[in-house]
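Derivation of every value follows stated rules applied to the coordinates shown; laboratory data play no part. Computed from a predicted model, the values in this text were never measured in an experiment. Because the Cβ atoms are built from the backbone with ideal geometry, glycine has one as well, and the counts that use them run over all protein chains shown.
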Amino acid sequence: GQSLEQPSEVTAVEGAIVQINCTYQTSGFYGLSWYQQHDGGAPTFLSYNALDGLEETGRFSSFLSRSDSYGYLLLQELQMKDSASYFCAVRDMDSSYKLIFGSGTRLLVRP
Amino acid sequence: DTGVSQDPRHKITKRGQNVTFRCDPISEHNRLYWYRQTLGQGPEFLTYFQNEAQLEKSRLLSDRFSAERPKGSFSTLEIQRTEQGDSAMYLCASTATSGGLNEQFFGPGTRLTVL
């Protein structure tokens, strides 16, 4: 089976940097994705890491270490609009490319 | 708007009734997924279509659930004899085989409440 663990909640101050960790246990691995979901909204894709290292997209960066079965999402220059739930997800190893999601980290950005 | 759309956005029904949801994926996307999400949890995979073929169903999907994608475009998810445990957000997502397989585009979901 596959399982992912991430903290349930993180609080940070506007303008700060926050890191959301994700550890996974999978029988096969094709990459780690991150999705953002605002309350009442649809999950939206943020990033994907297939190889070890850091991927940067604007204020958001994502890191993967396959040897440690670990990744993180780094959010810089936090804004109030970043308050949302963040999910890590791995792609299942069959041909469906379906996603297996963690239970999510709720980020609260305070002024 | 060329994103994934779902209808209805909200559905309230009484236990034992049947409900049907619709998903219209992004037009050029041949892969379509249904997920279910409960409060405080991540989306859970239910079923997957490639074009009109339903290629995978989760063990979560009891025989009360059925999904179709008759022409390889829109999809419907039907729940028969609804139970209170079916209350959840039902999300549809799509992606294309040719490039971009790592990004799934989600619709706004249908929130089902079973009384």
Among A:F63, A:F87, A:F45, the residue with the largest mean-square fluctuation in a Gaussian network model of chain A built from Cα contacts under 10 Å is A:F45
Within the protein assembly as shown, how many lysine pairs that are 8 or more places apart, or on different chains, have C-alpha atoms less than 26 Å apart? 7
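Take every Cα pair under 8 Å in chain B that's 6+ residues apart, average their separations, divide by the length, and report that relative contact order as a whole percent. Please list the in-between numbers first.
Details: 287 pairs, mean separation 42.4, N = 115.
Result for chain B is 37 percent.
Using only alpha carbon pairs under 8 Å that are at least six residues apart, calculate the relative contact order of chain A and give it in whole percent.
Relative contact order comes out at 36 percent.
Taking GluC sites (Glu not before Pro) as candidate sites, keep only those in a DSSP loop with at most 12 other Cβ atoms within 10 Å, then name the longest stretch of chain B containing none of them. Write out the running numbers ahead of the final one.
Values: sites that count: B:E28, B:E83.
For GluC sites (Glu not before Pro) (loop position, at most 12 other Cβ atoms within 10 Å), the longest site-free span of chain B is B:29-82.
For every other residue with a beta carbon closer than 15 angstrom to the beta carbon of A:Q76, add +1 if it is Lys or Arg and -1 if Asp or Glu, then tell me the sum. Before the final figure, lay out each step's value.
Values: positive: A:R59, A:K81; negative: A:E14, A:E55, A:E56, A:E77, A:D82.
Result for the local shell: -3.
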About its Cα centre, what dipole magnitude does the protein assembly as shown give when the only charges are +1 on Lys and Arg Cβ and -1 on Asp and Glu Cβ, stated in debye to the nearest 20? 740
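With a sphere of radius 12 Å drawn around the Cβ of B:S94, what net charge do the other residues whose Cβ falls strictly inside it have (Lys, Arg +1; Asp, Glu -1)?
Details: positive: B:R31, B:R69; negative: B:D24, B:E28, B:E103.
My count for the surroundings of B:S94 gives -1.
Just to confirm the filter: which trypsin sites (Lys or Arg not before Pro) across the stretch A:59-111 are DSSP coil and have at most 13 other Cβ within 10 angstrom of their Cβ? Numbers along the way, then the final one.
Details: sites: A:R59, A:R66, A:K81, A:R91, A:K98, A:R106; in loops: A:R59, A:R66, A:K98.
Answer in residue order: A:R59.
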May I ask you to list the GluC sites (Glu not before Pro) in the stretch A:19-81 that are in a DSSP loop and have at most 12 other Cβ atoms within 10 Å of their Cβ? A:E77
Among B:Q41, B:Q104, B:Q54, residue whose mean-square fluctuation peaks in a GNM of chain B (springs only between Cα atoms under 10 Å): B:Q41
State the Cα centre-to-centre distance between the stretch B:70-96 and the stretch A:51-79 in whole Å. 32
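Around A:L99, under 15 Å between beta carbons, what's the net of Lys plus Arg minus Asp minus Glu among the other residues? Walk me through the numbers before you get to the answer.
Numbers: positive: A:R91, A:K98, B:R31, B:R36; negative: A:D92, A:D94, B:E44, B:E56, B:E103.
Spelling it out: positives minus negatives among the neighbours equals -1.
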